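Read the structure below first, then the notes.
The values are calculated or read from the model by the stated rules, or taken from the named source; none is laboratory data. Bear in mind that the values here come from a model prediction, so they are computed numbers and not experimental data. Here the Cβ is made from the backbone with ideal geometry for all residues, glycine too, and neighbour counts use every protein chain on show. Remember, those area values only see protein heavy atoms, side chains included, never the ligands or the DNA or RNA. Shrake-Rupley method; radii C 1.70, N 1.55, O 1.52, S 1.80 Å.
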Amino acid sequence: VAAATSSNHLASDMFEPLYHTWLGGFMVVFILNSAWVIGAALMFVVTLSMADFTYGASMLLWGVTAMRGRRSRQAWLIAVLIPCLIVGPRDEAVPGFRRFWTAWVGMVLLAWLGWFAQFRPWPAFLQLAFDLDASKYFASCELRGSLDDVQKENSLFAFHPHGILCVGFGINGIWNKAFHDIAGSNTHFGIDKVLREDNPLMRTLADWHGSMVTLDKESMSRIMAERKNIAFVPGGFQDATCMKHGVDSTVIRRRTGFIKYALQHGYRVHPCYTFGECKSFYTCSALLRFRLWLNEYGVPAILVFGFRWLPTMPRWKVKYYSYLGKAVQMPKITQPTPKDVEHWHGVYTDSLQQLFEQHKVAAGLGPSAKLIIL
């Protein structure tokens with residue numbers, strides 16, 4: 001314990017000159033971005049690098065993303081990796097020998113990191129992220145709005161829109177000390193199952209964070225039964241897929257599930273809209289229906305360009321303002337009917353629209369700007 005504490009202090013002293021600076025913020029955003037992009041890219045590269053020797057069977061490893069249950073995924077990984085081990089080349093003179101075995105070892109390491117190892121929350125890591133302050137990477141990145149209306153229990157924070165890298169939800173929510181302080185340390189942050197459980201690098205960061213959970217029925221029901229706060233992006237991958245540069249929009253029209261859960265537990269639901277999110281990346285809007293179909297399988301079907309020198313990084317000269325609206329108090333209805341859900345979903349959507357209208361000018365938009373509800 002003493003050694004770990006000493007190590008944490010050493011890391012703190014090492015990075016202290018970078019606290020709340022542009023470079024410190026860049027480091028945090030770069031690490032988060034890399035975990036998101038490189039984690040999936042490495043899996044693709046290593047499975048593809050073994051494909052010629054395994055007759056494509058190595059690509060079956062991706063089947064793990066469609067599974068639930070830790071043991072079933074571990075069994076699947078072993079069932080794929082062992083045959084790959086058996087059919088791999090034995091003669092160093094065979095073309096592709098080093099490529100195959102480098103990829104196989106890489107896949108074993110990624111499998112261990114993603115589906116076998118479990119990391120405890122690392123408070124010192126989270127505090128370092130707070131101190132380096134990701135918001136400083138951007139021209140401006142602030143949490144605003146009805147912050148004094150926030151309670152530390154029985155509240156749901158719905159962030160809009162998703163954008164591409166979730167600047168509002170990520171930088172002004174998950175990795176924002178001010179949000180943690182006002183919402184409480186017991187607040188959970190729900191993210192997509194594939195990102196939380198099937199991306200080895202992002203899974204590691206989420207474990208260290210300590211409060212990032214898979215966004216599914218089981219997690220929401222458990223958290224709400226304990227009256228703990230939860231935050232997530234209702235629009236999900238569909239929000240990202242439908243994003244057009246410079247157009248304020250969010251996919252919420254058919255997203256009613258979270259309202260049903262809020263009604264069942266009598267939760268307070270805060271709309272939160274991030275102005276500037278739609279300018280974080282330039283996007284391709286072609287083949288929308290096909291890309292929305294891919295979303296159903298957890299595939300973020302997007303083609304984007306952000307920061308000039310690092311295209312997968314969000315544009316840093318944009319101003320991002322996340323406005324938190326006053327909570328909509330949901331009545332507690334143990335078995336809400338479809339009409340109940342429809343009514344209160346309408347109340348919530350109106351509240352989101354009002355939040356946008358109330359703050360759009362202060363956020364730098366013109367009086368005629370509109371929020372498109374998809």
Inset, instruction - Test H180 against the criterion of being closer than 23 Å to Y320 by Cβ, surrounded by fewer than 23 Cβ atoms within 10 Å (Cβ to Cβ), within 17 Å of the chain's Cα centre (by Cα) and not hydrophobic (A, V, I, L, M, F, W, C), and give yes or no. - result: yes
Inset, instruction - Within the stretch 207-224, count every residue that is out of contact with any Phe, Trp or Tyr (no Cβ under 9 Å at 6 or more places or on another chain) and not basic (K, R). - result: 5
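Only one residue in R222, R227 is at pLDDT 95 or above, open to solvent by 10 Å² or more (accessible area, probe 1.4 Å) and at positive phi. Which one?
Every option except R227 fails the conditions.
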Inset, instruction - Scan the stretch 190-197 and give yes if some residue there is within 29 Å of T334 (Cα to Cα) and part of a helix (DSSP H, G or I), otherwise no. - result: yes
Legend entry - Selection count where residues are of a type in the set (D, E) and surrounded by 17 or more Cβ atoms within 10 Å (Cβ to Cβ), scope the stretch 120-141: 1
Inset, instruction - For the stretch 61-89, name all the residues that are closer than 20 Å to L42 by Cα, within 24 Å of the chain's Cα centre (by Cα) and open to solvent by 70 Å² or more (accessible area, probe 1.4 Å). - result: W62, A66
Inset, instruction - Please list, ordered by first then second residue, the pairs with beta carbon atoms under 6 Å, 6 or more apart or interchain, first in the stretch 98-113 and closer than 13 Å to L85 by Cα, second hydroxyl-bearing (S, T, Y). - result: A103/S49
Inset, instruction - Quickly run through the stretch 144-170 and pick out the residues that are over 28 Å from A225 (Cβ atoms), open to solvent by 20 Å² or more (accessible area, probe 1.4 Å) and under 18 Å from the mean Cα position of the chain (by Cα). - result: L165
Legend entry - Test result for D192, of a type in the set (D, E) and open to solvent by 20 Å² or more (accessible area, probe 1.4 Å): yes
Legend entry - Residues of the stretch 195-210 satisfying the condition of being among the small types (G, A, S) and crowded, with 19+ Cβ neighbours inside 10 Å: A206
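How many of the residues making up the stretch 31-53 are among the small types (G, A, S) and open to solvent by 30 Å² or more (accessible area, probe 1.4 Å)?
Looking only at that region, the number is 2.
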Inset, instruction - Just name the residue that is surrounded by the most Cβ atoms within 10 Å (Cβ to Cβ) out of those in the stretch 304-351 that are within 21 Å of the chain's Cα centre (by Cα), of a type outside the set (S, T, Y) and not in a loop (DSSP other than H, G, I, E, B). - result: L324
Inset, instruction - Take the stretch 231-270 and flag every residue that is in a strand (DSSP E or B) and either in contact with a His (Cβ under 7 Å, 6 or more places away or on another chain) or open to solvent by 10 Å² or more (accessible area, probe 1.4 Å) (or both). - result: S249, T250, R268
